Amino acid sequence: MELIALPDFPLVEPGDDLAVLVRRSLRLADISLVDGDVLVLAQKVFSKAENRYAYLNQVQITPEARKLADKTDKDPRLVQLILDESVEVLRHRPGAIIVEHRLGYVHANAGIDQSNIESNLADERVLLLPEDPDRSAAALRSNLRAASGVEVAVIMNDSAGRAWRNGTIGFAIGTAGLQPVMDLVGRNDLFGRALETTTVAVADELAAAASFLMGQAAEAVPAVLIRGANLPQAELGSGSLIRERSQDLFR
């Protein structure tokens, strides 16, 4: 399996066609897509293209947001946006608010980003997650298929922390064209014993691998091509990656 960071990917602006930008970057790398390729793109480029900016000076702050801001030492305008993008606050400490995002996954600060976005200090803005990451991934996949005639899979990845572990890791928040979770229950291990509970978060593993190439600072590598993963094609979104609340032992 190969992972190839796509070169010279431009800074994305609202309204940009990500399929056009991906194809431009592929041409610069002298790469043609083939059936079965997986494209992993950072959440940030989707959000920028979809103009998911929010301006802090336009935020109306509620008493709930002010109270939580005092407890977490955060800008109350940012806290209000976090609450607006969430369905429940699960944990908080100074500097961090862990929420259940409106899309279902547990995320710090509702995935709202202030890094690697251009912002005027007089009118500061932040970047929200896409409205529907699966829909965004599916649209990019469809546009690439229309332009090239090739069936690829698309993963939108983001960065998050994990329970009991230090450091962030890439994970999938949107998918198209692949089965995000592979169920191995019933298959035999090396010694013939049938697996009883094993499922593999394939989309998350590929998202994390791509995230290592993308970096977290000024690398400017938001797109990675994965070739040779040999995944079965599936018309599924990323919902199966989210553990049902009844089985979540960390809440």
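Filter region 155-179 down to residues that are buried (at least 24 other Cβ atoms within 10 Å of the Cβ), under 14 Å from Ala209 (Cα atoms) and among the β-branched types (Val, Ile, Thr), then give me how many there are.
Within region 155-179, residues that are buried (at least 24 other Cβ atoms within 10 Å of the Cβ), under 14 Å from Ala209 (Cα atoms) and among the β-branched types (Val, Ile, Thr) number 1.
Please go through region 125-163 and give me each residue that is touching a strand residue (DSSP E or B) at 6+ places or on another chain (Cβ under 7 Å), acidic (Asp, Glu) and not in a strand (DSSP E or B), ordered by number.
Asp134
So in region 200-239, with the set limited to residues that are assigned to a loop (DSSP other than H, G, I, E, B) and among the charged types (D, E, K, R), which one is most open to solvent (accessible area, probe 1.4 Å)? First the steps, then the outcome.
Looking only at region 200-239, we keep the residues that are assigned to a loop (DSSP other than H, G, I, E, B), and these are 201, 215-222, 228-238.
Narrowing further to those that are among the charged types (D, E, K, R): 219, 235.
On the way: Glu219: 88, Glu235: 132 Å².
Checking each candidate, the answer is Glu235.
Quick one: Asp70 ticks every box in (1) part of a helix (DSSP H, G or I); (2) surrounded by 13 or more Cβ atoms within 10 Å (Cβ to Cβ); (3) free of Cβ contacts under 8 Å to residues at least 60 places away in the same chain except a single one, so which number is it?
Every condition holds for Asp70 apart from (2).
Output the residues belonging to region 176-199 that are part of a loop (DSSP other than H, G, I, E, B), touching a strand residue (DSSP E or B) at 6+ places or on another chain (Cβ under 8 Å) and at pLDDT 75 or above.
Gly177, Leu178, Pro180, Val181
Name the pairs: first residue in region 127-153 and open to solvent by less than 60 Å² (accessible area, probe 1.4 Å), second residue among the basic types (Lys, Arg) and not in a helix (DSSP H, G or I), Cβ to Cβ under 8 Å, at least 6 apart or on different chains?
Leu127/Arg52; Leu128/Arg52; Leu129/Arg52; Pro130/Arg52
So if I check each of Arg77, Arg91, which one is assigned to a helix (DSSP H, G or I) and either out of contact with any Gly (no Cβ under 6 Å at 6 or more places or on another chain) or closer than 23 Å to Pro7 by Cα (or both)? Before the answer, list the steps.
Working: Arg91 fails: assigned to a helix (DSSP H, G or I).
Only one candidate passes the filter, namely Arg77.
Which of the following residues is modelled with pLDDT of 95 or more and open to solvent by 20 Å² or more (accessible area, probe 1.4 Å): Asn51, Asn120? Show your work before the answer.
Details: Asn120 fails: modelled with pLDDT of 95 or more.
One residue alone meets the criteria, Asn51.
Criterion first (within 17 Å of Leu241 (Cβ to Cβ) and within 18 Å of the chain's Cα centre (by Cα)) does Ala110 satisfy it?
So Ala110 fails the test.
Just name the residue that is nearest to the chain's Cα centre (by Cα) out of those in region 23-67 that are assigned to a helix (DSSP H, G or I) and among the hydroxyl-bearing types (Ser, Thr, Tyr).
Taking region 23-67 and keeping what is assigned to a helix (DSSP H, G or I), we get 23-28, 43-49, 56-58, 63-67.
Those still in the list that are among the hydroxyl-bearing types (Ser, Thr, Tyr) too: 25, 47.
Values: Ser25: 20, Ser47: 10 Å.
The qualifying residue nearest to the chain's Cα centre (by Cα) is Ser47.
The values are calculated or read from the model by the stated rules, or taken from the named source; none is laboratory data. Keep in mind the model is a prediction, meaning the values are calculated, not measured. FYI the Cβ positions are ideal-geometry reconstructions off the backbone, even for glycines, and counts take in every protein chain you see. Protein only, heavy atoms only, side chains kept; ligands, DNA and RNA dropped before computing areas. Shrake-Rupley method; radii C 1.70, N 1.55, O 1.52, S 1.80 Å.
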